[in-house]
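Down below is the structure, laid out as structure tokens.
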Amino acid sequence: MRIENIIPDFLVVYESNQDFRMTDLEKYINKHPDIFKQYFPNHCPKTEERLQMAINKYPTKIDDIRMISEQLPTIIKDVEALFNKTFKLDMALHYKLIVGTFGSNAFVTRDNKREIYFAVEKLSADIEHLKVIVAHEIGHVAHFSFATNQDMDWTTVDWMHGLTTLYTEGAATYLSEKIVPDLNESVYFTYDDEGDSWVKCYEVNKTEVKRRFLEDVSNGWNMAKEKEWFRLSGGNYFGHNRLGYLLGTDYVEQLVDRVGEEEALTFWVENDVKKDILAWLDTK
């Protein structure tokens, strides 16, 4: 395990300037070019408007940023240890803790499936909320590890397809619920206490959500649909973003009921998971 925490570098720059400006933010970003090349532009646009918006919002989050910088490394160590113990894994993960510009809150990098970023300005400082989002991201790596241990042919995976995202996000959410159990359901999707209406929207509209996702995926996948169903910038269809996470979790939970947990979490090794999801989406 390696934890690279560059939040203190941000705090030094922020707290040494009574009037934190664009040049100060750029100084922090430019100090860590290799780290931020993974963040910009794939997980946040790097525009003057976006950077200025972040500068304007930092004062409302600075106390949380300080607390998270202190708490998150310990939480990561504890949650990874729990994954390793529960699933008999030995994951050598690399974590990067940054202050971003209000884009993605956390992600596993595309080039290295054992490298996880947390952009803490987007996170709740509540310890339980932090445990859940850490468990979700480690859950992705654990999910990949299960398949690798069964000789998964990764060249067959279409990482940019919505059905792949639905399965992987559902698996990560399922695992986060297993590792950090007994919290309010919405915490596993929004990583805060503000998600009850979001889960209710899904439950009320579940049949239509399934129908609309099936329609979207049947007519060709693209980035606009990816954003609608899985990104914070979506939410045009039903008024709430990332409903694909709830849909994916529903799929994985019924798959666990149908074939068992181990088989469900490695289902894509020997089965056509896309075909299986399409059949499930088409059921009432």
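The values are calculated or read from the model by the stated rules, or taken from the named source; none is laboratory data. Keep in mind the model is a prediction, meaning the values are calculated, not measured. Note that each Cβ is placed from the backbone with ideal geometry, even for glycine, and that neighbours are counted across all protein chains shown. Remember, those area values only see protein heavy atoms, side chains included, never the ligands or the DNA or RNA. Shrake-Rupley method; radii C 1.70, N 1.55, O 1.52, S 1.80 Å.
Would you confirm whether or not the range 112-121 contains a residue that is modelled with pLDDT under 95 and touching a helix residue (DSSP H, G or I) at 6+ places or on another chain (Cβ under 8 Å)? Give the steps one after another, and end with the answer.
From the range 112-121, those modelled with pLDDT under 95 are 112-114; that's our starting set.
Those left that are additionally touching a helix residue (DSSP H, G or I) at 6+ places or on another chain (Cβ under 8 Å): 113-114.
Checking the range 112-121: at least one residue is modelled with pLDDT under 95 and touching a helix residue (DSSP H, G or I) at 6+ places or on another chain (Cβ under 8 Å).
May I ask you to list the residues in the range 219-254 that are surrounded by fewer than 23 Cβ atoms within 10 Å (Cβ to Cβ), polar (S, T, N, Q) and part of a helix (DSSP H, G or I)?
Correct list: Gln254 only.
Among the numbered conditions (1) surrounded by 14 or more Cβ atoms within 10 Å (Cβ to Cβ); (2) modelled with pLDDT under 95; (3) not basic (Lys, Arg), tell me where Thr266 comes up short.
(2)
Name the residues in the range 260-278 that are acidic (Asp, Glu) and part of a helix (DSSP H, G or I), would you?
Going residue by residue through the range 260-278, those that are acidic (Asp, Glu) are 261-263, 270, 272, 276.
Answer for the range 260-278, where residues must be acidic (Asp, Glu) and part of a helix (DSSP H, G or I): Glu261, Glu262, Glu263, Glu270, Asp276.
So, in the range 1-23, how many residues would count as being open to solvent by less than 90 Å² (accessible area, probe 1.4 Å), of a type in the set (A, V, I, L, M) and either free of Cβ contacts under 8 Å to residues at least 40 places away in the same chain or in a helix (DSSP H, G or I) (or both)?
4
Please verify whether Asp151 is over 19 Å from Asp276 (Cα atoms) and acidic (Asp, Glu), treating the condition exactly as stated.
Numbers: over 19 Å from Asp276 (Cα atoms): yes; acidic (Asp, Glu): yes.
Yes.
Name the residue that is farthest from Lys227 (Cα to Cα), counting only residues in the range 137-169 that are open to solvent by 70 Å² or more (accessible area, probe 1.4 Å), in contact (Cβ under 8 Å) with a residue 60 or more places away in the chain and not polar (S, T, N, Q).
Among those that are open to solvent by 70 Å² or more (accessible area, probe 1.4 Å), in contact (Cβ under 8 Å) with a residue 60 or more places away in the chain and not polar (S, T, N, Q), it is Asp151.
Residue by residue through the range 24-35, note down the ones that are more than 18 Å from Tyr58 (Cα to Cα) and touching a residue at least 12 places away in the same chain (Cβ under 8 Å). Reasoning before the result, please.
Keep residues of the range 24-35 that are more than 18 Å from Tyr58 (Cα to Cα), which gives 30-35.
Matches in the range 24-35: Lys31, His32, Ile35.
Name the one entry in Asn56, Asn30 that is among the polar types (S, T, N, Q) and either open to solvent by less than 70 Å² (accessible area, probe 1.4 Å) or closer than 26 Å to Pro73 by Cα (or both). Reasoning before the result, please.
Values: Asn56 fails: either open to solvent by less than 70 Å² (accessible area, probe 1.4 Å) or closer than 26 Å to Pro73 by Cα (or both).
Exactly one residue qualifies, and that residue is Asn30.
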